[in-house]
Number of protein chains: 2
Amino acid sequence: MSEENARRRVTVHDVARAAGVSLATVDRVLNGRPGVRAATAEKVDEAIARLGFSRDLNASLMARARDLRVSFFIPDSSNEFMDRLAEAVGARAAQASADRIHILTHRVRALDAGDLARALNGLAAQSCDCAVIVPSEEPEIIAAVDAATRRGIVVMTLVSDLPGSGRRHFIGIDNAAAGRTAASLLGRFLPQGGKVAVIAGSLHLRDHIERFEGFSGIAGGEFPLLCLVGPLEGHDEAEATESVVSALLARHPDLAGIYNLGAGNAGLVAALEKSGRARQVRVIAHELTAPTRAGLNSGAIDVVLDQNPDGEIREAIAAARTLALATARPVVTDPIEIGIFLRDNLR
Amino acid sequence: MSEENARRRVTVHDVARAAGVSLATVDRVLNGRPGVRAATAEKVDEAIARLGFSRDLNASLMARARDLRVSFFIPDSSNEFMDRLAEAVGARAAQASADRIHILTHRVRALDAGDLARALNGLAAQSCDCAVIVPSEEPEIIAAVDAATRRGIVVMTLVSDLPGSGRRHFIGIDNAAAGRTAASLLGRFLPQGGKVAVIAGSLHLRDHIERFEGFSGIAGGEFPLLCLVGPLEGHDEAEATESVVSALLARHPDLAGIYNLGAGNAGLVAALEKSGRARQVRVIAHELTAPTRAGLNSGAIDVVLDQNPDGEIREAIAAARTLALATARPVVTDPIEIGIFLRDNLR
DNA sequence: TAGGTCATGAGGCACGTACCTCATTTTTGG
DNA sequence: CCAAAAATGAGGTACGTGCCTCATGACCTA
């Protein structure tokens, strides 16, 4: 029922004995140092597998002269969500430091693939073990990721994935599921049906496309009474979003719902308030930020879908720890759940 | 922008030097060993505070002969949620073991305060550093918690809190917020208003009372078109819940919504299906389990509020680590968010 | 003041790994 | 087959803390 016989930890000494080699050789294999014949290395690997040896990360970090260095590259001032991400990194830094993980935050120019690529290319393996980036899907960035990987830097993607690159892990939500959830909520909010508008930041962003596809799949399939308007583009920015929404409200006096799957929510709320139709239109937006919180509290926004930046950073650091020290081990990360917030469960 | 000068870690050596005492004395103070005059201990404490020393938990665990031992006491077979909790504990055990935390799971008889109290009283500080319990609010249990605390065992509460006891930390959701959220969703699902029934497991359980109060506060205050029926008691059990719901549906042919804030959801779904009114009544339930998943998939249940047992266990272990080794330090835990699940964002 | 108790200091070994040096063995190429 | 090169072994120190022993010094009490 409860007590397992606590058997002794498997150490490098055991591996050395089992493989019939010395500690020094095991050490060379484990840390990828040169001077080991392939046949010998294989004996060691076999012993590691047979014994189920797994290096003690804490002892390992303690023995190293330097802490594990993890660099976060967060887009700068593009929107409040990125600021939340950067704050979350800062908040975890102290705690990580106690566990011998040294966190660096770099802000890079948003929507500037060249800037991120340059930053990655400037990273030396001597000064960084793991890089965490929020990429857009550009060949320039894929190339930089692959180059960094070849230099021995573990690269992970955050929020938005970069398939086809050498990135070792992705941490973020399932954006199609987010879109489906929005549709499903709006469908239930509007049992009589009605016109529902979708606003995206840009139809060139992977996250946004996935959200839109998830939304329209469910809205079209399960809620035939809903009538889709859009998608319109608000460019993730308050002013542009406000004018788009204002025009939208003017053109459709019977608009029943809005799903803004991008940013620019301050503009969304402003347009709703100015039209006098806030609280008459059911509204779903993304990411808990100052404008969306205000919208929830005033009732202009009904639901906010959130991707929990704190949790993302926590998992990113945990994954970095595993990846950077236990290379080639499968990484298991707690999935990031889509947070659904109403005024009533605001944190 | 990025690079802080990585200053050296503050160690016990620094503390000893700063306090003008020897390493041995610092060690005695840190580990509560006897043989230190109050005045000397104070010098050490002062130096610790001045230098901002914080013991290296990993080095500490490595130096100890034994791992940190954390015992979870989970109610047995009362409902599927508790099984999920126990599973989550098991799933974390391997990972925790790599960090020198030894997890034990004990199942205790559900709804049997005496059994949990006995188990706690049988715990020796020599074999357990931290106990995590899911308590009901009984004097017997409060006494056992206090006794364990006096014996030097850190006690934490999970899912349901035990204020007024010596428990060092509580990990769980805000149940009043959960109730408010349910009301707010149902209110939006039923813009025309209608009869809404509330079913609890028992009105003697703290969680359930808090959920009901949150629900009725919002339902009565913000959605005056809703008409509350109940609360009824389903005793957290499928058969009793089924008969309660069947009677409810028979008596109210115009019932528009149901909020089951307790367990027994298999009975809830069965009653809905048998009545032929599944999918006509808006239904909100608690905890993602086999019956609620089935209900979401069939459409019998619209929304499930979930308290994320995996996250709870993760935070419990993290808190145990902090509490058991860095006594008297404020514990910071990531808040457990209320998960809101529709068919469309099921994990 | 002698004998005792208590407080403190000094130092060592252990935990599991990293990383270094220096011997010694094995392999390889000509 | 010999010399050079490569592979391997042996063993040390370090990381920061826990825990142990032993010696020394201070203080108290009869």
Exercise. Restricting attention to segment B:114-126, does a residue exist that is in contact with a Phe, Trp or Tyr (Cβ under 8 Å, 6 or more places away or on another chain) and closer than 30 Å to residue B:340 by Cβ?
Worked result: no
Seminar exercise, completed: Residue set A:120, A:57, A:51, A:116; condition within 16 Å of DNA strand D (Cβ to nearest atom), in contact (Cβ under 8 Å) with a residue 24 or more places away in the chain and among the aliphatic types (A, V, I, L, M); output residue A:57
Problem set entry | Pair list, Cβ under 6 Å, 6 or more apart: segment B:201-218 residue basic (Lys, Arg), other residue in a helix (DSSP H, G or I) | B:211/B:175; B:211/B:178; B:211/B:179
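Among the residues of segment A:176-187, is any within 14 Å of chain B (Cβ to nearest Cβ) and within 19 Å of residue A:85 (Cβ to Cβ)?
Within segment A:176-187 (the criterion being within 14 Å of chain B (Cβ to nearest Cβ) and within 19 Å of residue A:85 (Cβ to Cβ)), the answer is yes, since at least one residue qualifies.
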Exercise. When you scan segment B:233-347 for helices (runs of 4 or more DSSP H) that lie fully inside it, which ones turn up with 3 or more residues that are in contact with a strand residue (DSSP E or B) (Cβ under 8 Å, 6 or more places away or on another chain) and among the small types (Gly, Ala, Ser)?
Worked result: B:309-325
Seminar exercise, completed: residue B:160 fails exactly one of (1) at pLDDT below 90; (2) more than 18 Å from the chain's Cα centre (by Cα), namely (2)
Problem set entry | Residue that is nearest to the other protein chains (Cβ to nearest Cβ), among those in segment B:23-39 that are near DNA strand C (Cβ under 7 Å from one of its atoms) and β-branched (Val, Ile, Thr) | B:25
Seminar exercise, completed: Per the filter on segment B:40-57, residues within 16 Å of DNA strand C (Cβ to nearest atom) and either within 21 Å of residue B:130 (Cα to Cα) or in contact with a His (Cβ under 9 Å, 6 or more places away or on another chain) (or both) are B:55, B:56, B:57
For this session: Evaluate segment B:320-331: report whether one residue or more is crowded, with 23+ Cβ neighbours inside 10 Å, of a type outside the set (D, E, K, R) and not assigned by TED's automatic domain parsing to the domain that holds residue B:197.
Result: yes
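Looking at segment B:25-58 only, could you name the residues that are under 29 Å from the mean Cα position of the chain (by Cα) and either over 25 Å from residue B:101 (Cβ atoms) or among the hydrophobic types (A, V, I, L, M, F, W, C) (or both)?
B:57
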Seminar exercise, completed: Residues of segment A:263-289 being touching a helix residue (DSSP H, G or I) at 6+ places or on another chain (Cβ under 6 Å) and more than 22 Å from residue A:191 (Cα to Cα), in sequence order, are A:264, A:265, A:266, A:267, A:268, A:269, A:270, A:271, A:275, A:287, A:289
For this session: Could you list all residues from segment A:123-137 that are free of Cβ contacts under 8 Å to residues at least 60 places away in the same chain and surrounded by fewer than 19 Cβ atoms within 10 Å (Cβ to Cβ)?
Result: A:124, A:125, A:126, A:127
Exercise. Of all residues in segment A:15-48, which are within 10 Å of DNA strand D (Cβ to nearest atom) and in a loop (DSSP other than H, G, I, E, B)?
Worked result: A:20, A:21, A:22, A:33, A:34, A:35, A:36, A:37
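The values are calculated or read from the model by the stated rules, or taken from the named source; none is laboratory data. From a predicted model like this one, the values you see are computed outputs, not experimental measurements. Counting neighbours? That spans all protein chains shown, and the Cβs are built from the backbone with ideal geometry, glycine included.
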